[in-house]
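See structure below.
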Amino acid sequence: MDLQTWDYGLAHRISNSADAIWWKAFCSGMITVQTCRKCLRDQLPIGTICRFCRSQNDLGTRVFHDEVNRVGSTKVTTPAAPEFEAAVPFTITTFEADSGVRITMPECASVVQSSRVKEPAAIVPCKCSLLPIPHIQMTFGSGE
Amino acid sequence: MRYTGASIIGIGESSVGKHPHESTQTLAASVVQAAIADAEIDWQDIDGLVVTQPLVGGFPRHSLAVAEQLGISRQLAFADTVSMGGASSVLSLQRASDAIRNNRASTVLIVAADTPRTGQEREESVRHFAKQRHPSWEQPIGMLNLSAYALLADEYLRQHSLERDALIEIPVAMRSHARSNRNAAYTDSMTREEALASRLVSDPLRLVECSPINDGGVALVVTDTSNRGSSSTDSIAIRGSGFATDYDSVTYKVGESVDSPRRAFARAAKDSALGIGDCDLLMIYDSYSIATAIQLESIGASAKGRAPEDFREGKYSTDGEVPVNPHGGLLSHGHCGGATGMHHLTELIKQLRGVADGQVSLRDGVGLLQAEGGIISAAASMFLTRMQ
């Protein structure tokens, strides 16, 4: 199973929820954040107003990699909806780029969390089938 | 001291727990009867109504439906529904106080009741809280409210280099407080070891660090202080309040700290000319252990990263330096859905009147209600004082 065929219903919902261009980029193998095209600082749905530059515009995507900080992480054991029942437990993590933009994404359960001592060197879309929702995989640095 | 503005002259409350034979409407009716009797007023004295939006049994224009059920529709000059999660307690009272100050009404009834424990299936509750998350960034990845709080907890523990189980001190303290409260839902003893044995529901939060959903209701009568004068020892003055917000969804949190409780408190302190050092007790909205810690530190009661240790050392116990939630808080007294946090308010009033089950000692008769809604998205603070 690859990303394109994962839970089409959920993907469709994500796409419809905000014309999520990050989802399309995710499927093509990039972690991106959907940002204001003008200042690139805010994550926002299409057509809404950027909190920082106040422009109301179409969106661009900013590739989300390299200099990111993991700011919060939690292992979820309660499914929020039936489509998540097979997925739990899984981990949700929030990363923050140096620009201040945040992205919160699930990680598959195969990734062992050691959140207090290691920071990820890179995060990439994970193509395993352990988690039936778009999720990420982390590569840890050797700084520990 | 001469008091002006609005004061609380009557309260009615139910126990918190399972009310399988009650609906949201019948619970509301019971607590309203009790509040009116406590205030010693007549039904026709009420000309304002503020209600909170319940999870179960709500109407689209809920204040109008409650007025209709109580038979007070035609006498109302003011009606409103507050739906700001856990901050609704302070904001309901603020709304009533503002209506009185602006001569929109002279006596306002506040009603908050809900039956989410017995009135709906667990799955419906989960769905409700899932739908509260951001539709684009949070719902699609399976985030619940408790996971959003867990992200805050993880960030807090790392930021202050605390142990993963540091926050467990808070539910342990709340259980200890609830044991003397006849209306609390959970009164059996709980040691630190027993709390640590509770299962992780969203790491680092354990089940006992998440407030349990229950049924319950509260009603209050608020009036223009000049109607009652300052002679009644049962009247409680609304001295000042403040509101602040940073974001709605936690995904939009910017930077390391949650700042809205600090700003809401500063506004309330300025409005009332009171400070944290004036308070005999603090009522802190404790939907999750982490919410309690962040708010206590934001208002300056604890130093940053110190709240769990302050609980462990007894600073916030019922006989401590400044008691916090002597009724047991949401964590042990229970979370009543759309009526959540209202029992913090009735407990504070009973404490200031000197009639609470777990009565703490009072110095000046000043208490603070610090509340938050969403994921500490909306913060609201209010000082109440005993009239003397």
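Who wins for biggest fluctuation among B:Leu281, B:Leu345, B:Leu64 in a Gaussian network model of chain B, springs between alpha carbons below 10 Å? Top of the fluctuation ranking is B:Leu64.
Can you give the average number of partner chain beta-carbon atoms within 10 Å of each beta-carbon in peptide B:127-137, as a whole number?
Mean partner shielding for this stretch: 5.
Assuming a viscosity of 0.890 mPa s and a temperature of 25 °C, what translational diffusion coefficient in µm² per second does Stokes-Einstein assign to the stretch B:308-388, Rh being the Kirkwood radius over Cα pairs? Before the final figure, lay out the partial values.
Details: Rh = 13.5 Å.
Taking Rh from Cα pairs, D becomes 181 µm²/s.
Beyond a 30 Å Cα-Cα separation, which of these cross-linked pairs lie in this structure: A:Lys127/B:Lys304; A:Lys75/B:Lys350; B:Lys270/B:Lys315? Can you show the working numbers first?
Numbers: A:Lys127/B:Lys304 41 Å; A:Lys75/B:Lys350 40 Å; B:Lys270/B:Lys315 25 Å.
Over 30 Å apart, Cα to Cα: A:Lys127/B:Lys304; A:Lys75/B:Lys350.
Please average, across the residues of B:147-157, the number of beta carbons from any other chain that are within 10 Å of each residue's own beta carbon, and give a whole number. Each step should come with its number before you reach the end.
On the way: counts 10, 5, 1, 6, 8, 4, 2, 12, 7, 1, 3.
The mean count of partner-chain Cβ atoms within 10 Å per residue comes to 5.
Going by amide H atoms built from the backbone, whose H comes under 5 Å of the H on B:Ala378, apart from near neighbours? Long-range HN contacts for B:Ala378: B:Gly373. B:Asp319 to B:Asp188: FRET efficiency via 1/(1 + (r/R0)^6), r the Cβ-Cβ distance, R0 25 Å, to the nearest 0.05? FRET efficiency, B:Asp319 to B:Asp188: 0.75.
Scattering from the stretch B:140-231 was approximated by placing one identical point on each alpha carbon and applying the Debye formula without solvent; log10 I(q)/I(0) at 0.15, 0.16 1/Å stands at -0.72, -0.78.
When the dipole is taken about the Cα centre of the protein assembly as shown, and only Lys, Arg (+1) and Asp, Glu (-1) are charged at their Cβ, what size is it in debye, to the nearest 20? Please list the in-between numbers first.
Numbers: 49 positive and 60 negative charges, 176 e Å.
Charge dipole, the protein assembly as shown, about its Cα centre: 840 debye, nearest 20.
The Kirkwood hydrodynamic radius of the stretch B:36-86, based on inverse pair distances between different Cα atoms, is 11.7 Å.
Per-residue Karplus couplings for the stretch B:176-185, computed as 6.51 cos²θ - 1.76 cosθ + 1.60 with θ equal to phi - 60°, are listed in order as 4, 5, 5, 4, 9, 9, 5, 8, 6, 7 Hz, Gly and Pro entered as x.
Where a ≥ b ≥ c are the square roots of the eigenvalues of the C-alpha gyration tensor, would you call the stretch B:21-65 rounded, which needs a/c under 1.5, or, failing that, prolate if a/b is larger than b/c, or oblate? Verdict is oblate for the stretch B:21-65. Placing one equal scatterer on every Cα of the protein assembly as shown and applying the Debye formula, the log10 ratio I(q)/I(0) at q = 0.08, 0.11 Å⁻¹ is -0.52, -0.95. Could you compute the net charge surrounding B:Thr251? Neighbours are other residues with a C-beta less than 10 Å from the C-beta of B:Thr251; K and R count +1, D and E count -1. Neighbour charge sum, excluding B:Thr251 itself: +1.
Each label was represented as a point 7 Å from its Cα along the Cα-to-Cβ direction; for B:Arg104 and A:Thr48 these points are 2.8 nm apart. Pairs of Cα atoms nearer than 8 Å and 6+ residues apart set the relative contact order; for the stretch B:173-215 it is 24 percent. The alpha carbon gyration tensor of the stretch B:82-129 gives principal lengths a ≥ b ≥ c with a/c of 1.5 or higher and a/b greater than b/c, which makes the shape prolate.
Derived scalar couplings between HN and Hα for the stretch B:96-107 equal 5, 4, 5, 4, 6, 4, 9, 6, 7, 7, 10, 9 Hz in order, rounded to whole Hz, by the Karplus curve 6.51 cos²θ - 1.76 cosθ + 1.60 (θ = phi - 60°), x for Gly and Pro.
What ranking, highest mean first, results for peptides B:194-202, A:84-92 when packing means the other Cβ atoms within 10 Å averaged over each residue? Before the final figure, lay out the partial values.
Details: B:194-202: 16.2, A:84-92: 18.7.
Descending mean neighbour count gives A:84-92, B:194-202.
Its alpha carbons give chain B an Rg and a Dmax of 19.4, 58 Å.
The numbers here are math on the coordinates, done by the rules we state, and not lab data. What you see is a predicted model; the values in this text were computed from it and never measured. For neighbour counting, all protein chains shown are included, and Cβ atoms are generated from backbone atoms with ideal geometry for every residue, glycine included.
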